[in-house]
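Here the structure comes first, spelled out in structure tokens, and everything after it is commentary.
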Amino acid sequence: LYDPEENSYWVYNPALANTRRSPCSTFKIISSLIGLETGTIDPEDSVRAWSGEVFWNEDWNRDLDFESAFRFSCVWYFRQVTDEIGKAAIQRGLDALQYGNCDCSDWEGRSNTNNDNRALTGFWLESSLKISPREQADVMYKLFGGQSDASPQTLAWLERVILEESRDGLGLYGKTGMGKAEGVVVDAWFTGFADLEGKRVYFCVYLGESPGKDVSSSKAKEIAVSLLSSYSAAV
């Protein structure tokens with residue numbers, strides 16, 4: 001957790017906090033950013049047609065617009081968006097944000113051992129792109145802490161789609177992500193920012209492969225909410 005007002009971090013397990021792993025669906029924040037900035041995503045005209053292929057997530061088996069696709073974390077939709085943006089623009093976006101190793105070389109995600117359906121793979125899904133939890137929090141600060149060159153309209157749309165809840169003095173914004181290798185969950189994330197009584201802080205919770213434990217993005221989110229509550233009480 002990073003508090004820019006204090007210029008301080010709360011870090012649990014420093015070694016893991018600085019270990020780069022696949023961002024999984026947390027990368028949808030970045031593909032949305034670049035898609036909005038390049039005009040690939042027009043929020044007012046963003047419906048993409050479902051191919052008819054039946055996916056494991058029933059919410060993906062329909063035509064979807066940008067907001068719905070983001071909230072349902074629909075991989076095929078963002079696979080299309082990323083392909084339309086193109087590798088050059090994606091690389092520029094990664095470099096500008098200093099997003100982990102900035103490596104989108106495995107564009108189609110062929111190194112993913114959990115899935116060979118090219119509608120559901122990509123460089124951000126257990127593939128070439130890697131980022132650490134600390135870097136995730138830093139990227140959230142760059143984007144939503146006034147350090148980005150993105151347009152106000154783009155940032156407003158991003159805040160709209162990543163809003164999780166707003167209650168009791170807490171505005172919670174973020175995106176989950178989860179990845180498997182050979183059927184086992186090896187990466188689970190929740191990253192974003194929170195408005196706490198007028199203070200904005202940036203966070204990332206990451207859970208790695210842990211046999212016998214609840215390794216899930218929902219658990220990562222639960223931990224994040226608890227962390228934010230503790231931090232708010234402390235400061």
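Restricting the first member to segment 87-98 and to residues that are assigned to a helix (DSSP H, G or I) and modelled with pLDDT of 95 or more, and the second to residues that are aromatic (F, W, Y) and surrounded by 14 or more Cβ atoms within 10 Å (Cβ to Cβ), the beta-carbon pairs closer than 7 Å and six or more apart or on different chains are K87/W107.
Determine the pairs where a residue that is basic (K, R), located within segment 55-70, has a partner that is open to solvent by 40 Å² or more (accessible area, probe 1.4 Å) with Cβ atoms under 6 Å apart, the partner being 6 or more residues away or on another chain. Listed pairs, sorted by first residue: R62/W50. The numbered conditions (1) closer than 22 Å to G35 by Cβ; (2) exposed (fewer than 15 other Cβ atoms within 10 Å of the Cβ); (3) in contact with a Ser or Thr (Cβ under 9 Å, 6 or more places away or on another chain); (4) of a type in the set (D, E) are all true for E182 except (1). All of (1) crowded, with 19+ Cβ neighbours inside 10 Å; (2) touching an Asp or Glu at 6+ places or on another chain (Cβ under 6 Å); (3) not basic (K, R) hold for G171 with one exception: (1).
Residues that are open to solvent by 20 Å² or more (accessible area, probe 1.4 Å) and more than 13 Å from L36 (Cβ to Cβ) within segment 66-85 comprise S68, R71, F72, S73, Q80, D83, listed in sequence order.
Scoring Y202 on the criteria (1) within 30 Å of R110 (Cα to Cα); (2) in a strand (DSSP E or B); (3) touching a residue at least 60 places away in the same chain (Cβ under 8 Å); (4) open to solvent by less than 20 Å² (accessible area, probe 1.4 Å) leaves a single failure, condition (1).
Of all residues in segment 130-170, which are of a type in the set (D, E) and closer than 17 Å to E37 by Cβ? Please lay out each step first, then the result.
Restricting attention to segment 130-170, the residues satisfying the condition of being of a type in the set (D, E) are 135, 138, 149, 159, 164-165, 168.
Selection gives D149, E159.
Residues that are hydrophobic (A, V, I, L, M, F, W, C) and surrounded by fewer than 24 Cβ atoms within 10 Å (Cβ to Cβ) were ranked within segment 205-217; the one that is modelled with the lowest pLDDT is V215.
Once segment 40-65 is narrowed to residues that are open to solvent by 90 Å² or more (accessible area, probe 1.4 Å) and out of contact with any strand residue (DSSP E or B) (no Cβ under 9 Å at 6 or more places or on another chain), the residue that is farthest from L158 (Cα to Cα) is V54.
Scanning for something over 18 Å from the mean Cα position of the chain (by Cα) and under 20 Å from I30 (Cα atoms), does segment 156-166 turn up at least one residue?
The answer is no; no qualifying residue exists.
Any residue at all in segment 160-174 that's of a type in the set (S, T, N, Q) and touching a Ser or Thr at 6+ places or on another chain (Cβ under 6 Å)?
First, pick out the residues of segment 160-174 that are of a type in the set (S, T, N, Q): 166.
If we keep only those that are touching a Ser or Thr at 6+ places or on another chain (Cβ under 6 Å) too, we end up with none.
So far as segment 160-174 goes, no, none of its residues is of a type in the set (S, T, N, Q) and touching a Ser or Thr at 6+ places or on another chain (Cβ under 6 Å).
Kindly provide the set of residues from segment 91-106 that are of a type in the set (A, V, I, L, M, F, W, C), open to solvent by less than 50 Å² (accessible area, probe 1.4 Å) and more than 15 Å from the chain's Cα centre (by Cα), ordered by number. Can you show your working first?
Step one: of segment 91-106, the residues of a type in the set (A, V, I, L, M, F, W, C) are 94, 96-97, 102, 104.
Going one step further and asking which of them are open to solvent by less than 50 Å² (accessible area, probe 1.4 Å), we end up with 94, 97, 102, 104.
Answer for segment 91-106, where residues must be of a type in the set (A, V, I, L, M, F, W, C), open to solvent by less than 50 Å² (accessible area, probe 1.4 Å) and more than 15 Å from the chain's Cα centre (by Cα): just C104.
With respect to (1) more than 26 Å from E5 (Cβ to Cβ); (2) open to solvent by less than 40 Å² (accessible area, probe 1.4 Å); (3) within 14 Å of the chain's Cα centre (by Cα), the lone exception for A220 is condition (1).
For segment 146-164, indicate whether the set of residues that are part of a loop (DSSP other than H, G, I, E, B), within 18 Å of L196 (Cα to Cα), open to solvent by 50 Å² or more (accessible area, probe 1.4 Å) and without any contact (Cβ under 8 Å) to a residue 60 or more places away in the chain is non-empty. Scanning segment 146-164 turns up at least one residue that is part of a loop (DSSP other than H, G, I, E, B), within 18 Å of L196 (Cα to Cα), open to solvent by 50 Å² or more (accessible area, probe 1.4 Å) and without any contact (Cβ under 8 Å) to a residue 60 or more places away in the chain.
Do we have V225 as out of contact with any His (no Cβ under 8 Å at 6 or more places or on another chain), of a type in the set (V, I, T) and assigned to a strand (DSSP E or B) here? I'd like the intermediate steps shown before the answer.
On the way: out of contact with any His (no Cβ under 8 Å at 6 or more places or on another chain): yes; of a type in the set (V, I, T): yes; assigned to a strand (DSSP E or B): no.
No; evaluated as a whole, the condition is false for this residue.
Looking only at segment 119-145, count every residue that is without any contact (Cβ under 8 Å) to a residue 40 or more places away in the chain, surrounded by 22 or more Cβ atoms within 10 Å (Cβ to Cβ) and either among the hydroxyl-bearing types (S, T, Y) or closer than 29 Å to L196 by Cα (or both) and tell me the total. Full working, then the answer.
So the first thing to find is which residues in segment 119-145 are without any contact (Cβ under 8 Å) to a residue 40 or more places away in the chain, and the list is 123, 128.
Filter once more, so that each one left must be surrounded by 22 or more Cβ atoms within 10 Å (Cβ to Cβ): 123.
Subset that is either among the hydroxyl-bearing types (S, T, Y) or closer than 29 Å to L196 by Cα (or both): none.
Residues in segment 119-145 being without any contact (Cβ under 8 Å) to a residue 40 or more places away in the chain, surrounded by 22 or more Cβ atoms within 10 Å (Cβ to Cβ) and either among the hydroxyl-bearing types (S, T, Y) or closer than 29 Å to L196 by Cα (or both): 0 in total.
The values are calculated or read from the model by the stated rules, or taken from the named source; none is laboratory data. The shown structure was predicted, so the numbers you read here are calculated from the model rather than taken from an experiment. Positions of Cβ are backbone-derived with ideal geometry, glycine not excepted, and every protein chain shown enters the neighbour counts. Side chains are part of the model used for accessible areas, which takes the heavy atoms of the whole protein and leaves out ligands, DNA and RNA. Shrake-Rupley method; radii C 1.70, N 1.55, O 1.52, S 1.80 Å.
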